[in-house]
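The structure appears right after this line, and notes come after that.
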Amino acid sequence: MKKSPIRQTTLLAAVICLAAVLASCASTQPTCASPQTRNLDAAIQATQASLSGGCQAEFDRYYDDLLTIAEGDPKPENKRAFSEFLVWSTDEGLLSTRQAEDYYNRYFNVKFMSLKGDYNNCSHTCPNKQKVLFDMERELSEKERGLLNVSLDNEGYYRADRLYQEVELVLEATCTACAAAR
Amino acid sequence: MTSPALHVRVTTRRTVGYRKQLQLLFTTILIAGACIVTQTASANTPTIRLFPTTVVEDLRQTGNVARDMETGLQEVIGRLDQQQELYIESKCDGAENDAGCTRLARQIGATYLEMLTIMEERLPDMEHTVNNTRISLEKGLRNELGRKMTPWTLQETLIGTNSSATAAQAVPTLRGRSGMRLSERFKQYYQLVATSGAKGDQSLAVLASDIYLDMEETSVLIERTRQEIARATLMEQLNQSFGIITPEMIEVVGGVKSILFGDEGSQPLVAGPPPGSIEQAYRSPLEQ
């Protein structure tokens, strides 16, 4: 029996439409929604699921969300939760070890990551002194969030604050001494 | 009974035995000593040399010079205060034509000159010791903190191995000591430096920086003071020569001043800090 050409065309069009619908379903972007819970552990789990589901480009936002959630329930144990989350991110290949260290230390360590550098102070730090101090000031506000608002580590934060002042003083003197030799 | 030859052989063997024991003992002592020295060295390294004995000595000397200057000036300033009091009590203000008041004014001027002379005499010594301290510290800071350290190692030095509350208490007082006697300030510096052996490198770096920056300012201040003394001395000498300056003379003196010291009005103004650049003390949002 011979099929009519109209029927054949309709069938073909239906197949194409179905294929198009299926194709569009396959390329749908993940929603990458922020965690809705206020519980840090649950939020970390939700974030891990999202990051594993293709939202790795949103890592910064997720980290910020987690910090905001942790600020709602500050306690010393939060440090560990963030550390474990960052170690997981490294294991999953979302972050390099250096990146993970940077994310952790900027918020939860007294030491300033802005002072990373392989060259001596006279040759490298002094010519960029203003920028270094500006970066440190910005990092101090991150430490305020991580140490003070998330982990309740007041002593750690005030030590960082004093360290900032000491670095400012010592750099001023050292750079004046370096400049005097020229 | 043993034969003499055997006795000698036994004695020699014993001597050799003692020698071996002694050698072993010395070797053990040497090894133990070396271990202790190595441990001590590794515990103390890296040590930054910011306060060689010359700096400590310079600080002590500067303190002494400052104290001598203060002692010398104390009597003159006391006398000056008394004379000024007498001048005010005698209602000499506005009575310059009165012979007694003129004499009193000249006496005040002479005492003022005496004060300037003492300062003039003492300041070069002061300048010399301050500069010596400044130069020694400058060299130390440049080499130890500037060239031998990266920003990260500097931070680690400042933070120390134990960043605890006890370390926080050992931190020396930072800048801003207005109102303190000069000799007292140097005495404090000397005491801080002299007892700094018990403190860590972190305190030393801050202390050296603090003293160095203060020496820089003091050095500039001494230079300016010396210039000012030269100017004031000449002015007072003119006053003493001519007595009380009449309005006609003021013009002449003004001319001399403008030739010798330049016009005060034409001095460039020093720019103030831009708005908002003044360091604010931290206030946490949690603070109530």
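The values are calculated or read from the model by the stated rules, or taken from the named source; none is laboratory data. Everything numeric here is computed off the predicted structure, so don't read it as measured data. Positions of Cβ are generated from backbone atoms using ideal geometry, with glycine treated the same way; all protein chains shown enter the neighbour counts.
Between A:Pro74, A:Pro127, which is touching a residue at least 24 places away in the same chain (Cβ under 8 Å) and either in a helix (DSSP H, G or I) or surrounded by 13 or more Cβ atoms within 10 Å (Cβ to Cβ) (or both)?
When all the criteria are applied, what remains is A:Pro74.
Given the conditions (1) touching a Gly at 6+ places or on another chain (Cβ under 7 Å); (2) polar (S, T, N, Q); (3) modelled with pLDDT under 75, report the number of the one that B:Thr102 does not fulfil.
The failed condition is (3).
For the range A:86-101, state whether one or more residues are facing chain B (nearest Cβ under 8 Å) and farther than 23 Å from A:Leu40 by Cβ.
Within the range A:86-101 (the criterion being facing chain B (nearest Cβ under 8 Å) and farther than 23 Å from A:Leu40 by Cβ), the answer is no, since none of the residues qualifies.
Conditions first: (1) loosely packed, with under 15 Cβ neighbours inside 10 Å; (2) over 24 Å from B:Leu234 (Cα atoms); (3) at pLDDT 80 or above. B:Asp68 passes all but one, so which condition is the exception?
Exception for B:Asp68: condition (1).
Do the conditions hold for B:Gly72, that is, is it assigned to a helix (DSSP H, G or I), within 16 Å of the chain's Cα centre (by Cα) and of a type in the set (Gly, Ala, Ser)? Steps first, please.
Numbers: assigned to a helix (DSSP H, G or I): yes; within 16 Å of the chain's Cα centre (by Cα): no; of a type in the set (Gly, Ala, Ser): yes.
In short, no.
Could you grab me the full set of residues in the range B:141-155 that are more than 7 Å from chain A (Cβ to nearest Cβ) and crowded, with 22+ Cβ neighbours inside 10 Å?
The answer is B:Glu144, and nothing else.
I need the full set of residues from the range A:109-124 which are assigned to a helix (DSSP H, G or I) and in contact (Cβ under 8 Å) with a residue 24 or more places away in the chain, in order please.
A:Met113, A:Ser114, A:Leu115, A:Asn121, A:Cys122
Out of the residues in the range A:140-156 that are of a type in the set (A, V, I, L, M, F, W, C) and part of a helix (DSSP H, G or I), which is nearest to the other protein chains (Cβ to nearest Cβ)?
A:Leu148
Please go through the range A:144-182 and give me each residue that is surrounded by fewer than 24 Cβ atoms within 10 Å (Cβ to Cβ), of a type in the set (S, T, N, Q) and over 23 Å from the mean Cα position of the chain (by Cα), ordered by number.
The answer is A:Gln165, A:Thr176.
Do we find that A:Lys116 is buried (at least 19 other Cβ atoms within 10 Å of the Cβ) and either of a type in the set (Lys, Arg) or in contact with a Pro (Cβ under 8 Å, 6 or more places away or on another chain) (or both) in this structure?
Considered against the rule, which asks whether it is buried (at least 19 other Cβ atoms within 10 Å of the Cβ) and either of a type in the set (Lys, Arg) or in contact with a Pro (Cβ under 8 Å, 6 or more places away or on another chain) (or both), A:Lys116 comes out as no.
If only one of A:Arg106, A:Arg159 is touching a residue at least 24 places away in the same chain (Cβ under 8 Å), in a helix (DSSP H, G or I), more than 10 Å from chain B (Cβ to nearest Cβ) and basic (Lys, Arg), which one is it?
Of A:Arg106, A:Arg159, the one residue that is touching a residue at least 24 places away in the same chain (Cβ under 8 Å), in a helix (DSSP H, G or I), more than 10 Å from chain B (Cβ to nearest Cβ) and basic (Lys, Arg) is A:Arg106.
Would you point out which residue out of A:Thr68, A:Thr90, A:Thr47 is under 19 Å from A:Tyr157 (Cβ atoms), in a helix (DSSP H, G or I) and among the hydroxyl-bearing types (Ser, Thr, Tyr)?
Within the list A:Thr68, A:Thr90, A:Thr47, the selection yields A:Thr68.
May I ask you to verify whether B:Glu138 is within 15 Å of the chain's Cα centre (by Cα), within 12 Å of chain A (Cβ to nearest Cβ) and among the acidic types (Asp, Glu)?
Values: within 15 Å of the chain's Cα centre (by Cα): yes; within 12 Å of chain A (Cβ to nearest Cβ): yes; among the acidic types (Asp, Glu): yes.
Answer is yes for this residue.
State whether one or more residues within the range A:121-139 are within 12 Å of chain B (Cβ to nearest Cβ), under 30 Å from B:Glu216 (Cα atoms), among the polar types (S, T, N, Q) and in contact with a helix residue (DSSP H, G or I) (Cβ under 7 Å, 6 or more places away or on another chain).
yes
For the range A:172-182, enumerate the residues that are within 8 Å of another protein chain (Cβ to nearest Cβ) and in a helix (DSSP H, G or I). Spell out how you get there, then give the answer.
Here is the first cut: in the range A:172-182, the residues within 8 Å of another protein chain (Cβ to nearest Cβ) are A:172-178, A:180-181.
Residues satisfying the conditions are A:Glu172, A:Ala173, A:Thr174, A:Cys175, A:Thr176, A:Ala177, A:Cys178, A:Ala180.
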